[in-house]
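Worksheet: one structure, shown below.
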């Protein structure tokens, strides 16, 4: 790939959003049928880190960026203003990607970067982290369910479900019970209150080194509030519908729940499977809908982890669309 001084400027800037696994993604784009030309759907725009980089790297590329958080979308618009009509913006969850592209030019590349951006942890003030004492919110779009409602209103069994299924927390039942007892005395209004309850609920000798005991609880509540796993399933299916033939779909996951959904979806598309049966009972016998570009997920190299610590848990899977699903 040709050297580009704009890329040097990008990496020398103090910009907060560091695009994860950018070299690997750029490689998939460059090696595709369109070779970096065409249209990219950046389904998790954030502050525009991936989009800015790839617009600089590929002069023939245009982008549609999806971002459900209106506040961070405004930051992305400012960041990307210099690209003019090469980039357009959608203030919406990527789960509605198929509806957006009805009657429009289909994307040649689709990129998902699941999870929560650094901005949300460090700048949003919405309670995504326990490193600061913030109101319990965690809603990306500011509508509907909040973390406060989950923690203060969910019955004990529902709390246990959220902590166990979405947080993969072994102490889910015990923590749920303690929270219900504490909220009966006073509401749990802030991240610090919640973190301290969890910290006290798990015996110290069960604490994992370098991981705060509340980490899994916060993850579970965040996923519940924003329907993150349902959005991934809907977004992958909708993305496949609108992706051009020979187009590339790429997905970055940060924990096993996300990666499992992507892995399962790609495997079924590779096998040509549309049924809901377990793989060993599948009778579809269809030709593949997609070809995997990497059998095992790609992970960040050591130099990227040193530059961006958040990339240490990232996994990238990619596949090429071979054919549409017959209606």
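The values are calculated or read from the model by the stated rules, or taken from the named source; none is laboratory data. Just so it is clear, the model here is predicted, and its values are computed rather than measured. Cβ placement follows ideal geometry from the backbone for every residue including glycine, while neighbour counts extend to all protein chains displayed.
A few notes on this one:
- All positions within region 60-89 that are free of Cβ contacts under 8 Å to residues at least 40 places away in the same chain and more than 17 Å from residue 108 (Cβ to Cβ): 67, 73, 74, 76, 77, 78, 80, 81, 82, 83, 84, 85
- Among residues of region 188-210, those that are part of a loop (DSSP other than H, G, I, E, B) and closer than 15 Å to residue 156 by Cα, counted: 1
- Qualifying positions in region 211-230 - surrounded by fewer than 17 Cβ atoms within 10 Å (Cβ to Cβ) and assigned to a loop (DSSP other than H, G, I, E, B): 211, 212, 227
- Given (1) modelled with pLDDT of 95 or more; (2) more than 16 Å from residue 44 (Cα to Cα); (3) surrounded by fewer than 17 Cβ atoms within 10 Å (Cβ to Cβ), index of the condition residue 199 fails: (1)
- Test: residue in region 107-114 that is touching a helix residue (DSSP H, G or I) at 6+ places or on another chain (Cβ under 7 Å), modelled with pLDDT of 95 or more and surrounded by fewer than 19 Cβ atoms within 10 Å (Cβ to Cβ): no
- Residues of region 99-135 classified as at positive phi and touching a strand residue (DSSP E or B) at 6+ places or on another chain (Cβ under 7 Å), total: 1
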